[in-house]
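Participant: To start, I am sharing the structure in question, which I have written as structure tokens.
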Amino acid sequence: MAGEAKTILAYSENPDTLFELLSEARELAGKIQGEAAAVLLGEKVEANLEELGAYGASKVYIVENPQLKGFQVEAYTDALYGVAEQVKPELILIGATKRGKELAPRLAQRLKTGCVAECVGFEVADGEIQMKRIVYAGKVSSLQKVKGKPAVATVPPRLFEKRKAEGKAEAVSLQVEVKAPKAEILEVKPKEVSGVRIEEAEVVVCGGRGIKSKEDFKLLGELAEILGGQVGCSRPIAADRGWFTEWVGLSGKKVKPTLYFAVGVSGAIQHVAGIRGSKIVVAINKDPEAPIFADADYGIVGDLYKVLPALIESLKKHLKKG
Amino acid sequence: MKIVVCAKYALDPGEIRIDPSGKPMLDRVPRKISDIDKNAMEAAINLKEKHGGTIQVVAFGPESARDGLKELLAMGADEAYLVVDPSDGRLDTMATAEALAAAIQKLGGFDLILCGEATIDGYAGQVGPRLAEKLGVPQVTYARSLTVEDGSLIAERDLEDAYEKVKVPLPALVSVTREINTPRIPTLMAILKASKKPFTLWKLEDVGLSREQLEQLSGIELVDMQGFAVERKRVVIKDKPVEEAVEELVSYLFKEKVLGA
Ligand SMILES: Cc1cc2nc3c(=O)[nH]c(=O)nc-3n(C[C@H](O)[C@H](O)[C@H](O)COP(=O)(O)OP(=O)(O)OC[C@H]3O[C@@H](n4cnc5c(N)ncnc54)[C@H](O)[C@@H]3O)c2cc1C
Ligand SMILES: Nc1ncnc2c1ncn2[C@@H]1O[C@H](COP(=O)(O)O)[C@@H](O)[C@H]1O
């Protein structure tokens, strides 16, 4: 089954992320004389071979099993492990969604191999794949190599673009053993996910715990609208208060706008880790000692409830045509 | 209930400096217990308060980790165990999970292992799932609430697109988010008492491993490290009327050509 070609396997439960991984896998495979392949897992799988082929898959490995109904990490580990045992890939790329991030290390442990978490780039040196990841809360980029085969890596969603090209995929059905998972999913409460791609915004207006109510985020929205930007928030605003589903930072989205506003954000290192790619950072905070001022280009010490309305007025005046 | 908390005495990334050649200076960086591991500790205390039992803290790290573990003893752990890492932190998450698993096995059985979502320095989020796989128990990651009833654990997981309620039989491993609770700050009294609680230091050999074995098991080789020093201008406008401050900011932004493109 292994074939001659070196295989880079891509898996994500999220179809868009899978396409991104495949596009990147195809490019990488070109550098090691290998091929990219997708893995589809589920109770029933419908493979759009044309689309998967266009995004880069030469083969599509399919595992259908009743235990793969709903994402259960134990069952999905069994299935991917079974695929890896048969295909013997060089590298397994897994989308770094939270589900992917819990699957990859469990799989890597079973394969007795290393796993690079949230890999942000690949290099090939002497035919070997090296992987880049960011460590120490965004301060250091580390180039790493997995010693054994296969290597495992997770890749953040939306890091790579999905790219279509000529290509045809062939479907290969695999039989693997999948045990009944011990865990049981009792309930799934979907979140209201906004479709905004904050990582591509040119201007981001980000609010932190200095903002007292969800309603008050309208002020940030107004500023963002004038500048053609998007609103974001710090982790506590999303994860604690539940006002949004996504946040900016180490454990959230990494943004790279021309202009970033941190409003009522203290500037914890984990927050700053998400804004290092910003060209200009502006901080508005009432505490002159807030760490965000050390990570900002311009700052105003003051009450955001006074500064924001004045800033909105001023920009309206200045940005009027003529 | 027998609860094991895994806690890392991690490098404090806020204290890492980049040298002029762009290399991070990792010697003598202050360490602390990784933030979310304190949430795991707090979750353990809450469960113990309800169901009784013991809390053992296990760490793999430098000898200095003793100081961090004292803090967890003061919070409410009953015993702390430190397996000394002879490699100066160069081993990967697979080797770490191996060392922790060996220590946990030496401690005898467990009902629940609690970890953090990820550490502040490596931010891998791998050790929990690896440990669960190694010990052959189910894992529940990103838990933002936990309850135990009749030998099962029910947790609510925080995923990016949903909250998912899951039930797993014990023994199991759970990794918690920062939002699950607010870790208590130990009282002075608790800190004094903690110095009398059992603290055990193990060499790798004490848990049946060797340095060579772990180095072989470590799955990742470091090729290079490069620091990013993002230098900001740090112009701070203060002690001015709001309108004036705002005009000054806007003129800076125009000069930077980041407005009205
Ligand atoms: C492993 C790990 C990962 C993490 N990942 C992330 C992440 O991805 N993103 C993230 O954001 N955090 C993350 N955190 C949390 C982070 O450490 C901080 O706790 C968080 O960023 C603080 O959010 P905040 O700045 O909104 O709140 P706070 O720290 O409470 O700051 C609020 C600020 O608002 C100011 N303020 C209050 N009222 C006003 C007013 N009226 N006008 C002006 N200013 C006012 C205050 O002076 C204060 O500085 C992570 C933590 C850990 C341990
Ligand atoms: N050296 C260690 N000693 C004890 N626990 C650890 C260690 N490293 C990681 N952990 C645990 O595993 C979790 C995830 O770590 P990581 O995979 O490094 O992000 C941490 O929050 C800890 O609970």
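Participant: Quick check on segment A:120-138: of everything there that is small (Gly, Ala, Ser) and out of contact with any Leu (no Cβ under 9 Å at 6 or more places or on another chain), which residue is nearest to ligand 1 (Cβ to nearest atom)?
Facilitator: Per the stated criteria, the residue is A:ALA125.
Participant: Can you pull out every residue in segment B:167-197 that is within 26 Å of A:ASN14 (Cα to Cα) and either of a type outside the set (A, V, I, L, M, F, W, C) or surrounded by fewer than 20 Cβ atoms within 10 Å (Cβ to Cβ) (or both)?
Facilitator: Selection gives B:LYS167, B:SER175, B:THR177, B:ARG178, B:GLU179.
Participant: Let me ask something else. In segment A:259-282, how many are more than 8 Å from chain B (Cβ to nearest Cβ) and part of a strand (DSSP E or B)?
Facilitator: Number satisfying all stated conditions: 4.
Participant: Of all the residues that make up segment B:103-142, how many are more than 19 Å from B:VAL84 (Cα to Cα) and aliphatic (A, V, I, L, M)?
Facilitator: 10
Participant: Sticking with this structure for a sec: In segment B:138-152, how many residues are at pLDDT 95 or above, away from ligand 1 (no atom under 16 Å from the Cβ) and either surrounded by fewer than 24 Cβ atoms within 10 Å (Cβ to Cβ) or of a type in the set (Val, Ile, Thr) (or both)?
Facilitator: 7
Participant: Moving to a separate point now. Select from segment B:32-81 the residues that are within 15 Å of the chain's Cα centre (by Cα) and part of a strand (DSSP E or B) and list them in ascending order.
Facilitator: Of everything in segment B:32-81, those that are within 15 Å of the chain's Cα centre (by Cα) and part of a strand (DSSP E or B) turn out to be B:LYS32, B:ILE33, B:VAL57, B:VAL58, B:ALA59, B:PHE60, B:GLY61.
Participant: Find all pairs meeting these conditions: Cβ atoms under 6 angstrom apart; at least six residues apart or on different chains; first residue within segment A:265-278 and over 20 Å from A:GLY302 (Cα atoms); second residue within 16 Å of ligand 2 (Cβ to nearest atom) and not in a loop (DSSP other than H, G, I, E, B).
Facilitator: Cβ pairs passing all conditions: A:ILE269/B:PRO13.
Participant: If you don't mind, another one. Mind listing just one residue for me: the one in segment A:165-184 that is at pLDDT 95 or above and of a type in the set (D, E, K, R) and, of those, farthest from A:LEU103 (Cα to Cα)?
Facilitator: Per the stated criteria, the residue is A:GLU170.
Participant: Please specify each residue of segment B:16-54 satisfying the condition of being under 20 Å from A:GLY267 (Cβ atoms), modelled with pLDDT under 95 and either away from chain A (no Cβ under 14 Å) or surrounded by fewer than 17 Cβ atoms within 10 Å (Cβ to Cβ) (or both).
Facilitator: Result: B:ARG17, single match.
Participant: Evaluate the following for A:VAL120: is it more than 7 Å from chain B (Cβ to nearest Cβ) and surrounded by fewer than 19 Cβ atoms within 10 Å (Cβ to Cβ)?
Facilitator: Taking the combined requirement at face value, the residue satisfies it.
Participant: Quick one: which residue in B:GLU164, B:GLU205, B:GLU212, B:GLU160 is within 22 Å of the chain's Cα centre (by Cα) and either facing another protein chain (nearest Cβ under 8 Å) or under 30 Å from A:LYS149 (Cα atoms) (or both)?
Facilitator: Selected residue: B:GLU160, the only one of B:GLU164, B:GLU205, B:GLU212, B:GLU160 that is within 22 Å of the chain's Cα centre (by Cα) and either facing another protein chain (nearest Cβ under 8 Å) or under 30 Å from A:LYS149 (Cα atoms) (or both).
Participant: Same structure again: How many residues does segment B:83-137 contain that are away from ligand 1 (no atom under 16 Å from the Cβ) and in a loop (DSSP other than H, G, I, E, B)?
Facilitator: Of the residues in that region, 15 qualify.
Participant: Can you tell me which residue among A:ALA25, A:ALA38 is surrounded by 24 or more Cβ atoms within 10 Å (Cβ to Cβ) and either touching a helix residue (DSSP H, G or I) at 6+ places or on another chain (Cβ under 6 Å) or part of a strand (DSSP E or B) (or both)?
Facilitator: Of A:ALA25, A:ALA38, the one residue that is surrounded by 24 or more Cβ atoms within 10 Å (Cβ to Cβ) and either touching a helix residue (DSSP H, G or I) at 6+ places or on another chain (Cβ under 6 Å) or part of a strand (DSSP E or B) (or both) is A:ALA38.
Participant: Another question, then. Considering (1) modelled with pLDDT of 95 or more; (2) out of contact with any Phe, Trp or Tyr (no Cβ under 7 Å at 6 or more places or on another chain), say which one B:GLU117 fails and leave the rest.
Facilitator: (2)
Participant: Which condition from (1) in contact (Cβ under 8 Å) with a residue 24 or more places away in the chain; (2) at the interface with chain B (Cβ under 10 Å from one of its Cβ atoms); (3) surrounded by 19 or more Cβ atoms within 10 Å (Cβ to Cβ) is the one that A:ARG241 breaks?
Facilitator: Checking A:ARG241 against (1) in contact (Cβ under 8 Å) with a residue 24 or more places away in the chain; (2) at the interface with chain B (Cβ under 10 Å from one of its Cβ atoms); (3) surrounded by 19 or more Cβ atoms within 10 Å (Cβ to Cβ), the one that fails is (3).
Participant: Is it fair to say A:VAL146 is surrounded by 22 or more Cβ atoms within 10 Å (Cβ to Cβ) and within 16 Å of ligand 2 (Cβ to nearest atom)?
Facilitator: It is true that A:VAL146 is surrounded by 22 or more Cβ atoms within 10 Å (Cβ to Cβ) and within 16 Å of ligand 2 (Cβ to nearest atom).
Participant: Out of segment B:220-261, which residues are closer than 30 Å to A:ALA153 by Cβ, assigned to a loop (DSSP other than H, G, I, E, B) and within 7 Å of chain A (Cβ to nearest Cβ)?
Facilitator: Within segment B:220-261, B:PHE228, B:VAL230 meet the criteria.
Participant: Still on this model: Kindly provide the set of residues from segment A:232-254 that are within 11 Å of ligand 1 (Cβ to nearest atom) and either assigned to a loop (DSSP other than H, G, I, E, B) or charged (D, E, K, R) (or both), ordered by number.
Facilitator: Those that are within 11 Å of ligand 1 (Cβ to nearest atom) and either assigned to a loop (DSSP other than H, G, I, E, B) or charged (D, E, K, R) (or both): A:SER234, A:ARG235, A:ASP240, A:ARG241, A:GLU246, A:TRP247, A:GLY249, A:LEU250, A:SER251, A:GLY252, A:LYS253, A:LYS254.
Participant: Among the residues of segment A:189-200, which ones are more than 14 Å from ligand 1 (Cβ to nearest atom) and either closer than 23 Å to B:PRO171 by Cα or away from chain B (no Cβ under 13 Å) (or both)?
Facilitator: Scanning segment A:189-200 gives A:VAL196, A:ARG197, A:GLU200.
The values are calculated or read from the model by the stated rules, or taken from the named source; none is laboratory data. Keep in mind it's a predicted model, so treat the numbers as computed, not measured. Positions of Cβ are generated from backbone atoms using ideal geometry, with glycine treated the same way; all protein chains shown enter the neighbour counts.
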